[in-house]
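The values are calculated or read from the model by the stated rules, or taken from the named source; none is laboratory data. Bear in mind the structure is a predicted one, so any value in this text is a computation, not a measurement. Using ideal geometry, Cβ is built from the backbone for each residue, glycine included, and neighbour counts are taken over all protein chains shown. In case anyone asks, the SASA skips ligands and DNA or RNA and just uses the protein heavy atoms, side chains included. Shrake-Rupley method; radii C 1.70, N 1.55, O 1.52, S 1.80 Å.
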Amino acid sequence: MLEHLHIKNVALITESEIDFEPGLNILSGETGAGKSMVIDSLNFALGERIGGNFVRKGEKSAVVEALFTVRDDTILKKLEQNGIKLEEDGTVLLTRTMNQSGKTICRINGSTVTVSMMRECAEGLMDIHGQHSHQSLLNTARHIQILDRFCGKKLEEEKQSFQTTYKKLKEIEKDLMQLMGDGKERVRKMDLLQFQMEEIGQAKLQIGEEEELLERRQILVNGEKIRNLTENSLLLLYHGTETESSAIDQLSRALEEVSDLAEYDNTIQNIYTTLSSVYAQMDDAVRDLKHYADTISQEPEELESVEERLQLIYGLKRKYGGSIEEILDFYQKAEKELDFLSNSEEIVQKLNKQKKNIEQELMKQAEILSNIRKEKAKQIQKNIEQQLWDLEMKHGKFAIAIEDKKEISLHGKDKVEFLISANAGEELKPLAKIASGGEMSRVMLALKTVLAEADSIEVFIFDEIDTGVSGRTAQKVAEKMALIGKSHQIICITHLPQIAAMADHHFLIEKTTQQEKTITTVKPLNEEESAHEIARLIGGAKMTQATWTAAKELKEQADAWKKIN
């Protein structure tokens, strides 16, 4: 459910806070007051593209925050998979800002995300239908998706299994294409793989080799310094100079002195033991240092050899991976691919057998999907026809045509199209043949009324889809919205008094002028203010006793209808 909407510096709106409630939330106001800005702001928060002039003139940036309470585990899991921190109370805060240059920043629960991530994570939070949203119904390719939403979990589970099998088939077809494609291209590929394997194989790479070579090069490059430091260390520790004894000689003499001292005082014995240990360790260290001095290379050829080996490794890394591990992994993959291509005839036979078995399995699964759709379509057709009759399309007929396609796709073998006959005596025709915007609005509402029972989306937005209807039909549209509002949150922008009277919560969108600036505000209405706005919708700008009485009667009738339905 949409709990709260904060809009700041969007077009004519300086700043507005809207607290939405469960049930039917109605937004009304004068033409041009800025009702569409609320819907535009919601679309913006959901990650949709937005037109120009979105940021209020004179302001640096616009910001929209939409706070939802989410119960759908699918949406929560999607957020978690995208690294979004989940709140204990299930709330999800979408925040999006835009500066004057059009650059936007998106956040979900405080975490910065990309626009595409925002759209992906927000999908399923609400369903928005505007004055032109019925265009989606004219797209035949989307009819199968709408039908599948009606079919619910039973179809969803079978469809997941079908799509897994379908992907396996596509992988096999890809392998077959690679094996049975252009013969010259296959030979060229095999030659290249052979060359790559030989190049890597001849190098005889070892994991950890590069690090060892780099360490060795460091020693060889600084060989002269290392030799001097080693010789100086040996002079000080072991050899000594003409003027100074070595450290080990001086320590030896000190030991003799301390040994004599211990004869007079037994407490010195511990010191003697410690110095003896130091002497032994120093002797070992000198021995190791002398051995190290013997191993220092004097040959410039070794440095050249190390450099050549490193250059060979660098060259292979540029071609096959960023490390020796990746190069060796490339070799293994190339070996498998070469084996795959070399044994193409045998593999083709094996793949063709697998393909045949998978195609048979796929056809069985596609038949299951088709049967579920056809069975559900019969029920849906009757339900939608009933809704159309309730919406004053007394002669309306609705059908869902399901035919086999030439080729199986990710959705199965079915081609789905919605057909309608709006008037008595007319044949069923595609929805695109309907000319009346009012009829299209009613078809949309009929679909939503039926779909609401199975739809996991909690919030429906209707932006003046009541265009083209009036009188008794408008009353029926209002009743349908109120019924959907019992199980879903509805936010509806309308100009019809019948629909406004059915509101559980009513908001007025007004445009005013303050200090020579035009400002749009959104204000929640109490019972009396709501009746006043309904009277304006009935009679226009001029308020009369008749319109006021009619407004109160309309509101009373709506309240009475809601109590018994």
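Structure values in brief
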item: Which listed residue is among the aliphatic types (A, V, I, L, M) and over 24 Å from ALA422 (Cα atoms), from LEU351, LEU391; result: LEU351
item: Residue within segment 306-316 that is under 30 Å from ASP175 (Cα atoms), in a helix (DSSP H, G or I) and not acidic (Asp, Glu) present; result: yes
item: Single residue of segment 153-180 satisfying the filter (open to solvent by less than 70 Å² (accessible area, probe 1.4 Å) and of a type in the set (Val, Ile, Thr)) that is farthest from ASP414 (Cα to Cα); result: ILE172
item: Segment 548-562, residues that are surrounded by 14 or more Cβ atoms within 10 Å (Cβ to Cβ) and among the aliphatic types (A, V, I, L, M); result: ALA550, ALA551, LEU554, ALA558
item: Matching option when the condition is modelled with pLDDT under 90 and under 38 Å from the mean Cα position of the chain (by Cα), among LEU362, LEU328, LEU316, LEU338; result: LEU338
item: Selected residue (criterion: least open to solvent (accessible area, probe 1.4 Å)) from residues of segment 181-208 that are more than 21 Å from GLN349 (Cα to Cα) and small (Gly, Ala, Ser); result: ALA203
item: Some residue of segment 209-223 being in a helix (DSSP H, G or I), exposed (fewer than 13 other Cβ atoms within 10 Å of the Cβ), of a type in the set (S, T, N, Q) and at pLDDT below 90; result: yes
item: Lone qualifier among GLU30, GLU59 - being assigned to a loop (DSSP other than H, G, I, E, B), of a type outside the set (Gly, Ala, Ser), under 23 Å from GLU17 (Cβ atoms) and free of Cβ contacts under 8 Å to residues at least 60 places away in the same chain; result: GLU59
item: Helices (runs of 4 or more DSSP H) lying entirely in segment 111-185 (those with 3 or more residues that are modelled with pLDDT of 80 or more and closer than 25 Å to GLN379 by Cα); result: 143-180
item: Exclusive hit being touching a residue at least 24 places away in the same chain (Cβ under 8 Å), open to solvent by 20 Å² or more (accessible area, probe 1.4 Å) and either closer than 27 Å to PHE54 by Cα or over 38 Å from the mean Cα position of the chain (by Cα) (or both), set GLN545, GLN515, GLN498, GLN489; result: GLN498
item: Check on LEU5, in contact with a Phe, Trp or Tyr (Cβ under 6 Å, 6 or more places away or on another chain) and at pLDDT 90 or above; result: no
item: Failed criterion for THR74 (all others in (1) in a helix (DSSP H, G or I); (2) surrounded by 13 or more Cβ atoms within 10 Å (Cβ to Cβ) hold); result: (2)
item: Complete set of residues in segment 507-560 that are among the hydroxyl-bearing types (Ser, Thr, Tyr) and farther than 21 Å from GLY34 by Cα; result: THR544, THR547, THR549
item: Selected residue (criterion: least open to solvent (accessible area, probe 1.4 Å)) from residues of segment 388-408 that are in contact with a Lys or Arg (Cβ under 7 Å, 6 or more places away or on another chain) and part of a helix (DSSP H, G or I); result: LEU388
item: Boolean, GLU88 is in a loop (DSSP other than H, G, I, E, B) and loosely packed, with under 13 Cβ neighbours inside 10 Å; result: yes
item: Selection status of TYR320, within 14 Å of GLY201 (Cα to Cα) and open to solvent by less than 70 Å² (accessible area, probe 1.4 Å); result: yes
item: Residues of segment 1-27 that turn out to be open to solvent by less than 40 Å² (accessible area, probe 1.4 Å) and assigned to a strand (DSSP E or B), as a count; result: 13
item: Leading residue by the ranking (least open to solvent (accessible area, probe 1.4 Å)) among those in segment 33-56 that are assigned to a loop (DSSP other than H, G, I, E, B) and either of a type in the set (Val, Ile, Thr) or touching a Cys at 6+ places or on another chain (Cβ under 7 Å) (or both); result: GLY47
item: Test for GLN354: is it under 30 Å from ALA482 (Cβ atoms), open to solvent by 60 Å² or more (accessible area, probe 1.4 Å), part of a helix (DSSP H, G or I) and among the polar types (S, T, N, Q); result: no
item: Criterion: under 32 Å from the mean Cα position of the chain (by Cα), at negative phi and without any contact (Cβ under 8 Å) to a residue 60 or more places away in the chain - qualifying residue of GLU407, GLU403; result: GLU407
item: Per-region count, segment 368-385, residues surrounded by 15 or more Cβ atoms within 10 Å (Cβ to Cβ) and not small (Gly, Ala, Ser); result: 10
